[in-house]
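What follows is a short report on a single structure.
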Amino acid sequence: MTLLIACGLKREARIFDRADRDVSVVIGGGIAETLDHDLDAKAELLPGIILSCGIAGALAPALKPGDVVIDGNVIVVERLGQALPHAHRGGIVGNDAITATAEEKRTLHERTGAIAVDMESHVAARVAVRKGLPFAALRVISDRADDDLPPAALVGMRPDGGMALGAVLASLARNPRQLSALIRTGRQADQAFRSLAQAFDAIIGAGIDRFGLPPR
(Lines give C-alpha, C1' and ligand atoms only; values in the text may rest on other atoms or scores of the structure.)
Protein backbone atom coordinates (compact mmCIF):
# COMPACT_ATOMS: atom_id res chain seq x y z
CA MET A 1 0.00 0.00 0.00
CA THR A 2 1.44 3.34 -1.07
CA LEU A 3 1.59 6.26 1.33
CA LEU A 4 0.93 9.31 -0.87
CA ILE A 5 2.33 12.44 0.74
CA ALA A 6 1.28 15.95 -0.24
CA CYS A 7 3.64 18.74 0.84
CA GLY A 8 4.69 22.21 -0.26
CA LEU A 9 8.47 22.31 0.04
CA LYS A 10 11.47 20.39 -1.24
CA ARG A 11 12.91 20.57 2.27
CA GLU A 12 9.87 18.68 3.53
CA ALA A 13 10.07 16.16 0.71
CA ARG A 14 13.67 15.30 1.60
CA ILE A 15 12.49 14.29 5.09
CA PHE A 16 9.99 11.87 3.58
CA ASP A 17 12.38 10.21 1.13
CA ARG A 18 12.45 6.51 1.94
CA ALA A 19 13.85 4.46 -0.93
CA ASP A 20 13.17 1.22 0.91
CA ARG A 21 9.53 1.99 1.77
CA ASP A 22 6.33 2.43 -0.23
CA VAL A 23 6.22 6.23 0.01
CA SER A 24 5.51 8.62 -2.85
CA VAL A 25 5.77 12.40 -2.43
CA VAL A 26 4.06 15.18 -4.42
CA ILE A 27 5.32 18.77 -3.97
CA GLY A 28 2.84 21.58 -4.52
CA GLY A 29 5.12 24.59 -4.23
CA GLY A 30 2.27 26.69 -2.87
CA ILE A 31 0.18 26.33 -6.05
CA ALA A 32 -3.09 24.52 -5.35
CA GLU A 33 -3.83 23.69 -8.98
CA THR A 34 -0.43 22.04 -9.46
CA LEU A 35 -0.78 19.95 -6.33
CA ASP A 36 -4.32 18.91 -7.24
CA HIS A 37 -3.29 17.80 -10.73
CA ASP A 38 -0.12 15.98 -9.74
CA LEU A 39 -1.58 14.30 -6.66
CA ASP A 40 -4.65 13.17 -8.61
CA ALA A 41 -2.43 11.61 -11.28
CA LYS A 42 -0.27 9.87 -8.67
CA ALA A 43 -3.32 8.55 -6.81
CA GLU A 44 -4.66 7.11 -10.04
CA LEU A 45 -1.48 5.07 -10.48
CA LEU A 46 -0.71 4.35 -6.82
CA PRO A 47 -3.89 4.39 -4.72
CA GLY A 48 -3.24 4.50 -1.00
CA ILE A 49 -3.61 6.67 2.07
CA ILE A 50 -3.21 10.34 1.17
CA LEU A 51 -1.27 12.15 3.90
CA SER A 52 -0.81 15.91 3.97
CA CYS A 53 2.49 16.29 5.79
CA GLY A 54 4.73 19.26 6.53
CA ILE A 55 4.91 22.45 8.55
CA ALA A 56 1.95 24.64 9.44
CA GLY A 57 0.90 27.81 11.20
CA ALA A 58 -0.81 27.71 14.58
CA LEU A 59 -4.35 29.01 14.92
CA ALA A 60 -4.84 27.90 18.52
CA PRO A 61 -2.88 30.17 20.89
CA ALA A 62 -1.67 27.22 22.99
CA LEU A 63 0.32 25.65 20.15
CA LYS A 64 4.05 26.36 19.90
CA PRO A 65 6.76 25.68 17.28
CA GLY A 66 7.56 21.99 17.08
CA ASP A 67 4.12 20.81 18.22
CA VAL A 68 2.59 18.03 16.12
CA VAL A 69 -1.04 18.18 15.00
CA ILE A 70 -3.00 15.31 13.39
CA ASP A 71 -6.41 15.30 11.73
CA GLY A 72 -8.44 13.33 9.20
CA ASN A 73 -9.79 9.78 8.85
CA VAL A 74 -10.42 8.54 12.39
CA ILE A 75 -8.79 5.15 11.83
CA VAL A 76 -5.66 6.63 10.28
CA VAL A 77 -5.49 9.36 12.94
CA GLU A 78 -5.71 6.71 15.65
CA ARG A 79 -2.81 4.86 14.05
CA LEU A 80 -0.81 8.09 13.81
CA GLY A 81 -1.66 8.90 17.42
CA GLN A 82 -0.32 5.54 18.59
CA ALA A 83 3.04 6.45 17.09
CA LEU A 84 2.80 10.08 18.22
CA PRO A 85 1.18 9.99 21.66
CA HIS A 86 1.94 13.67 22.35
CA ALA A 87 0.36 14.92 19.11
CA HIS A 88 -2.53 17.37 19.30
CA ARG A 89 -5.72 16.19 17.64
CA GLY A 90 -7.77 18.92 16.03
CA GLY A 91 -8.85 20.52 12.80
CA ILE A 92 -6.25 21.45 10.19
CA VAL A 93 -7.60 23.89 7.62
CA GLY A 94 -6.02 24.52 4.24
CA ASN A 95 -5.68 27.89 2.55
CA ASP A 96 -4.50 28.74 -0.96
CA ALA A 97 -2.41 31.66 0.35
CA ILE A 98 -0.12 31.96 3.36
CA THR A 99 -2.02 32.98 6.49
CA ALA A 100 0.48 35.64 7.41
CA THR A 101 -0.81 37.77 10.27
CA ALA A 102 -2.03 37.17 13.80
CA GLU A 103 -5.30 38.85 12.86
CA GLU A 104 -5.84 36.51 9.90
CA LYS A 105 -5.09 33.49 12.10
CA ARG A 106 -7.47 34.66 14.81
CA THR A 107 -10.27 35.19 12.27
CA LEU A 108 -9.69 31.77 10.68
CA HIS A 109 -9.64 30.08 14.08
CA GLU A 110 -12.91 31.73 15.10
CA ARG A 111 -14.57 30.95 11.76
CA THR A 112 -13.52 27.30 11.41
CA GLY A 113 -12.56 26.08 14.86
CA ALA A 114 -9.38 24.62 13.33
CA ILE A 115 -6.19 24.71 15.37
CA ALA A 116 -3.65 24.83 12.50
CA VAL A 117 -3.43 26.03 8.91
CA ASP A 118 -1.36 25.02 5.90
CA MET A 119 -1.48 25.30 2.11
CA GLU A 120 -1.90 21.65 1.13
CA SER A 121 -4.38 19.82 3.37
CA HIS A 122 -7.55 21.11 1.70
CA VAL A 123 -6.21 20.10 -1.71
CA ALA A 124 -5.12 16.66 -0.52
CA ALA A 125 -8.50 16.11 1.16
CA ARG A 126 -10.29 17.09 -2.04
CA VAL A 127 -8.27 14.61 -4.11
CA ALA A 128 -8.89 11.89 -1.53
CA VAL A 129 -12.65 12.40 -1.78
CA ARG A 130 -12.49 12.37 -5.57
CA LYS A 131 -10.50 9.13 -5.62
CA GLY A 132 -12.35 7.44 -2.78
CA LEU A 133 -9.19 7.19 -0.66
CA PRO A 134 -8.64 7.82 3.07
CA PHE A 135 -7.06 11.14 4.01
CA ALA A 136 -5.14 12.32 7.05
CA ALA A 137 -2.89 15.26 7.90
CA LEU A 138 0.24 15.40 10.03
CA ARG A 139 1.50 18.91 10.48
CA VAL A 140 4.14 20.49 12.70
CA ILE A 141 3.74 24.05 13.96
CA SER A 142 6.28 26.58 12.69
CA ASP A 143 4.76 29.98 13.51
CA ARG A 144 2.62 30.77 16.56
CA ALA A 145 -0.92 32.11 16.40
CA ASP A 146 0.28 35.56 17.49
CA ASP A 147 3.21 35.71 15.05
CA ASP A 148 3.08 38.08 12.09
CA LEU A 149 5.24 36.64 9.31
CA PRO A 150 7.67 39.17 7.79
CA PRO A 151 7.30 40.04 4.08
CA ALA A 152 10.51 38.18 3.18
CA ALA A 153 9.03 34.93 4.51
CA LEU A 154 6.04 35.30 2.19
CA VAL A 155 8.17 35.27 -0.98
CA GLY A 156 10.53 32.48 0.06
CA MET A 157 8.97 29.57 -1.86
CA ARG A 158 9.44 28.88 -5.56
CA PRO A 159 6.72 27.07 -7.54
CA ASP A 160 8.88 23.92 -7.52
CA GLY A 161 9.00 23.97 -3.72
CA GLY A 162 12.58 25.24 -3.54
CA MET A 163 13.78 28.33 -1.70
CA ALA A 164 13.58 31.66 -3.53
CA LEU A 165 16.69 33.12 -1.92
CA GLY A 166 16.91 36.03 -4.36
CA ALA A 167 13.37 37.15 -3.58
CA VAL A 168 14.04 36.88 0.16
CA LEU A 169 17.21 39.00 -0.07
CA ALA A 170 15.47 41.57 -2.27
CA SER A 171 12.64 41.88 0.23
CA LEU A 172 15.13 42.25 3.06
CA ALA A 173 17.02 44.96 1.15
CA ARG A 174 13.79 46.92 0.67
CA ASN A 175 12.87 46.60 4.33
CA PRO A 176 15.86 45.84 6.59
CA ARG A 177 13.77 46.36 9.72
CA GLN A 178 12.17 42.95 9.19
CA LEU A 179 15.49 41.17 9.85
CA SER A 180 14.77 40.27 13.47
CA ALA A 181 11.34 38.86 12.57
CA LEU A 182 12.88 36.92 9.70
CA ILE A 183 15.54 35.42 12.00
CA ARG A 184 12.80 34.43 14.47
CA THR A 185 10.78 32.85 11.68
CA GLY A 186 13.82 30.92 10.45
CA ARG A 187 14.64 29.59 13.91
CA GLN A 188 11.07 28.48 14.47
CA ALA A 189 11.03 26.80 11.06
CA ASP A 190 14.24 24.92 11.86
CA GLN A 191 12.64 23.68 15.07
CA ALA A 192 9.54 22.60 13.13
CA PHE A 193 11.58 20.72 10.54
CA ARG A 194 13.48 18.85 13.25
CA SER A 195 10.21 17.87 14.90
CA LEU A 196 8.74 16.89 11.53
CA ALA A 197 11.67 14.55 10.86
CA GLN A 198 11.24 12.93 14.27
CA ALA A 199 7.49 12.55 13.78
CA PHE A 200 7.87 11.03 10.33
CA ASP A 201 10.51 8.60 11.57
CA ALA A 202 8.07 7.57 14.30
CA ILE A 203 5.15 6.85 11.96
CA ILE A 204 7.36 5.01 9.47
CA GLY A 205 8.80 3.01 12.34
CA ALA A 206 5.23 2.14 13.31
CA GLY A 207 4.58 0.92 9.75
CA ILE A 208 2.09 3.53 8.56
CA ASP A 209 3.11 2.81 4.96
CA ARG A 210 2.24 -0.85 5.51
CA PHE A 211 -1.14 -0.12 7.03
CA GLY A 212 -3.99 -1.51 4.92
CA LEU A 213 -6.48 0.88 3.39
CA PRO A 214 -9.15 1.73 6.00
CA PRO A 215 -12.63 2.91 5.03
CA ARG A 216 -12.83 6.62 4.21
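Beta bridges from DSSP with both residues in the chain: antiparallel share about 25 percent, rounded to the nearest 5. Close amide H pairs (under 5 Å, H built 1.01 Å from N) link H88 with V68, V69, I70, residues at least 5 positions away or on another chain. Beta-bridge orientation, segment 68-160: approximately 50 percent antiparallel, per DSSP, counting only bridges with both partners inside.
Shape call for segment 90-180 from the C-alpha gyration tensor, a ≥ b ≥ c root eigenvalues: rounded (a/c under 1.5), prolate (a/b greater than b/c) or oblate? Verdict is oblate for segment 90-180. Protection proxy ranking, highest mean first, for peptides 14-20, 55-61, 76-82: 55-61, 76-82, 14-20, where packing is the per-residue count of other beta-carbon atoms within 10 Å, averaged.
Compared with the alpha-carbon gap, the fully stretched path from A170 to L154 is longer by 4.5 nm at 0.36 nm per residue. Summarising the label geometry, the points placed 7 Å from Cα in the beta-carbon direction at K10 and T101 lie 3.2 nm from one another.
In vacuo Debye scattering of segment 12-111, one point per C-alpha: log10 I(q)/I(0) at q = 0.10, 0.22 Å⁻¹? Values returned for q = 0.10, 0.22 Å⁻¹ are -0.34, -1.44.
With the highest mean first, a sort of the peptides 65-72, 24-31, 135-142, 185-192 on other beta-carbon atoms found within 10 angstrom per residue produces 135-142, 65-72, 24-31, 185-192. Surface composition of the chain: carbon plus sulfur atoms hold 55% of the accessible area, using a 1.4 angstrom probe and ignoring ligands, DNA and RNA. Only helices enter the 222 nm calculation for the chain: every DSSP H run of n ≥ 4 contributes -39,500 (n - 2.57), and dividing by all residues gives -13500 deg cm²/dmol, rounded to 500.
Of E104, E110, E120, the residue with the largest accessible area leads and the full order is E110, E104, E120 (1.4 Å probe). For the chain, lysine pairs with C-alpha atoms less than 24 angstrom apart, excluding pairs fewer than eight positions apart on the same chain, total 4. Electrostatic tally near Q178: other residues with Cβ closer than 11 Å to its Cβ, Lys and Arg +1, Asp and Glu -1, net +2. Per residue, the solvent-accessible area of the chain (1.4 Å probe, heavy atoms of protein chains only, all protein chains present) comes to 46 Å². Over all other residues within a Cβ to Cβ distance under 13 Å of I70, the charged ones net out to -1, with Lys and Arg as +1 and Asp and Glu as -1. The label point for T112 and the one for L179, both projected 7 Å from the Cα toward the Cβ, are 3.5 nm apart.
The values are calculated or read from the model by the stated rules, or taken from the named source; none is laboratory data. The model shown is predicted, which means the values in this text are computed figures rather than measured ones. FYI the Cβ positions are ideal-geometry reconstructions off the backbone, even for glycines, and counts take in every protein chain you see. Side chains included, ligands, DNA and RNA excluded: accessible areas come from the protein's heavy atoms. Shrake-Rupley method; radii C 1.70, N 1.55, O 1.52, S 1.80 Å.
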